[in-house]
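Q: Following this message is one structure expressed as C-alpha cells.
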Amino acid sequence: MNEKPLEWMAQVGEGAGHKLGRIAALAAAVAMFLFFALSGSIIAMIVLVGFGILFMWLQTHAYVEYEFSYFSDEMDISAIYNKARRKKKMSLKMSDVEYMVKKIEPQQVTKYFCNKANVSEIYTLVANIQDKRTAIVIEADPEFVKIMQTKRKVR
C-alpha cells in the first residue's frame, strides 16, 4: 500500500492541577526563603532549593502539545513542552492495535494524549503493548480515521 505521511497536532495546554502545583511550589519556596532569612537554618535552605527545583520543572512543563505522525502502519507520538522542547512519548505499530473506538475506553493501562474537553475528536486505540491491554486516547485526524476504517479497525 502506497500511503502518504500524515501528521497532526493536539493542543492540550495547562491543566488546573498543574497550575495549582506551580502556585503551591512558588508559595512554599517564598515561605522557606523568609524562614531561612530569619533563622539561618541550613535545612530551610535545602527545602528552599527543593521547592525551587520543583517550581522550575513545573514551569518548563506548563504548556503541552502532542504531535502524531503516521506513516507505513506506524504511529509516533511526541510531546512538545512550551512550544520549544520535543520528547518522543511512544511508537505504535498498527498491527498491535486491536480496534479503535470513538470514546474514552479505559483498559489495564490508559495513556492520554489529548485534550479531554474536545470530545468530538477523541478516539481510543486499544492495543496489546508488552502483553498488556493498553488504551491510547488521542485526538484523531479525520484522514487517520478513514485509514483505520479501511483497515476495519474502527468500531
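Q: Considering only region 91-101, state which residues are in contact (Cβ under 8 Å) with a residue 24 or more places away in the chain and of a type in the set (D, E, K, R).
A: Hits for region 91-101 are D96, E98.
Q: Also, I was wondering about something else. Answer with yes or no whether F35 is at pLDDT 85 or above and either of a type in the set (F, W, Y) or farther than 19 Å from V145 by Cα (or both).
A: Considered against the rule, which asks whether it is at pLDDT 85 or above and either of a type in the set (F, W, Y) or farther than 19 Å from V145 by Cα (or both), F35 comes out as no.
Q: Further question on the same structure: Cβ contacts < 8 Å: first residue of a type in the set (D, E), restricted to region 120-142; second residue assigned to a loop (DSSP other than H, G, I, E, B) and surrounded by fewer than 20 Cβ atoms within 10 Å (Cβ to Cβ), any location; separation 6+ or different chain. Result?
A: Note: pairs meeting the criteria are E139/N115; E139/N118.
Q: Sticking with this one: With respect to A140, determine if the residue is surrounded by 15 or more Cβ atoms within 10 Å (Cβ to Cβ), modelled with pLDDT of 90 or more and not aromatic (F, W, Y).
A: No, not satisfied.
Q: Let me ask you something else. Which members of region 58-73 meet the condition of being exposed (fewer than 13 other Cβ atoms within 10 Å of the Cβ) and either at pLDDT 80 or above or on the phi > 0 side of the Ramachandran plot (or both)?
A: Passing the criteria: F71, S72.
Q: When you go through A44, A84 one by one, which is the residue that is modelled with pLDDT under 80 and small (G, A, S)?
A: The unique qualifying residue is A44.
Q: Mind checking whether some residue in region 4-23 is more than 28 Å from V137 (Cα to Cα), in a helix (DSSP H, G or I) and without any contact (Cβ under 8 Å) to a residue 12 or more places away in the chain?
A: yes
The values are calculated or read from the model by the stated rules, or taken from the named source; none is laboratory data. The model shown is predicted, which means the values in this text are computed figures rather than measured ones. Methodologically, a virtual Cβ is constructed for each residue, glycine included, from the backbone with ideal geometry; neighbour enumeration extends over all protein chains shown.
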